[in-house]
Ligand SMILES: Cc1cc2nc3c(=O)[nH]c(=O)nc-3n(C[C@H](O)[C@H](O)[C@H](O)COP(=O)(O)O)c2cc1C
């Protein structure tokens, strides 16, 4: 294994460069108005109970709507939807109907009032369970109540095809979208090679 010590440059406290998933968060208000918003500060944060966290600036329409109806859906954005997702991260639903502009299809969810994005390969239905204040941001913790995964991602032998998801990666520091490179190792397995005698 080639491990090389790297010379570093201090950047101070900032939010640069960590690779993040690109997601579209769907929400709905009590009047039934639906909205889509791009969020990269999103991830699964617990297995028991299955929990997802998203971090929203309190000025977002999405934040208002989630507080009203107590639910949201996190939709994984594939590479093919980079332009649509970027749009949903620039304009607010207060000014534009982002589903109309992007042409994305909203599909009813099973357990929550917020809809799924039909073109996204993975949709995670969440019920809001807690909100944590972080300055201007609010960490919204959602219990995962259902997940929809694209049929084409399931191989006949029961394995999963990552290529079918083709997730879009966001690099915040340089404001660029990238795709995944390729498979490099197997988790919970290849690390064991470092143990003595293996
Ligand atoms: C790639 C990308 C990622 C973003 N991630 C977040 C995020 O995690 N949290 C957040 O509050 N805003 C994030 N934004 C900004 C919001 O998507 C943007 O302010 C949006 O217009 C809010 O929409 P809304 O007012 O309709 O809810 C992101 C924008 C982009 C382009």
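You will find that of 171, 141, 134, the residue that is more than 14 Å from the chain's Cα centre (by Cα) and within 16 Å of the ligand (Cβ to nearest atom) is 134 and no other. The single condition from (1) more than 8 Å from the ligand (Cβ to nearest atom); (2) surrounded by fewer than 18 Cβ atoms within 10 Å (Cβ to Cβ); (3) more than 20 Å from residue 121 (Cβ to Cβ) that residue 79 fails is (3).
Scoring residue 100 on the criteria (1) in contact (Cβ under 8 Å) with a residue 12 or more places away in the chain; (2) outside any loop (DSSP other than H, G, I, E, B); (3) closer than 22 Å to residue 65 by Cα leaves a single failure, condition (1).
The number of residues in the range 24-33 that are assigned to a strand (DSSP E or B), more than 10 Å from the ligand (Cβ to nearest atom) and in contact with a helix residue (DSSP H, G or I) (Cβ under 7 Å, 6 or more places away or on another chain) comes to 1. Applying the criterion of being in contact with a strand residue (DSSP E or B) (Cβ under 6 Å, 6 or more places away or on another chain) and in a strand (DSSP E or B) to the residues of the range 126-137, the residue that is nearest to residue 152 (Cα to Cα) is 126.
Residue count for the range 104-125, restricted to those that are in contact with a helix residue (DSSP H, G or I) (Cβ under 9 Å, 6 or more places away or on another chain), surrounded by 24 or more Cβ atoms within 10 Å (Cβ to Cβ) and assigned to a strand (DSSP E or B): 1.
The residue that is nearest to residue 130 (Cα to Cα), among those in the range 69-83 that are assigned to a helix (DSSP H, G or I) and in contact with a strand residue (DSSP E or B) (Cβ under 8 Å, 6 or more places away or on another chain), is 69.
Scanning the range 45-68 for residues being outside any helix (DSSP H, G or I) and within 9 Å of the ligand (Cβ to nearest atom) gives a total of 7.
Residues considered: 46, 55, 40. Of these, the only one that is over 18 Å from residue 107 (Cβ atoms), surrounded by fewer than 14 Cβ atoms within 10 Å (Cβ to Cβ) and in contact with a strand residue (DSSP E or B) (Cβ under 9 Å, 6 or more places away or on another chain) is 46. Restricting attention to the range 34-43, the residues being more than 9 Å from the ligand (Cβ to nearest atom) and touching a residue at least 60 places away in the same chain (Cβ under 8 Å) number 1. When residues in the range 173-187 are screened for being under 14 Å from residue 85 (Cα atoms) and either part of a loop (DSSP other than H, G, I, E, B) or at pLDDT below 95 (or both), 1 of them pass.
The values are calculated or read from the model by the stated rules, or taken from the named source; none is laboratory data. All values derive from a computational prediction rather than experimental measurement. Cβ sites come from the backbone with ideal geometry, for glycine too, and all protein chains shown count toward neighbours.
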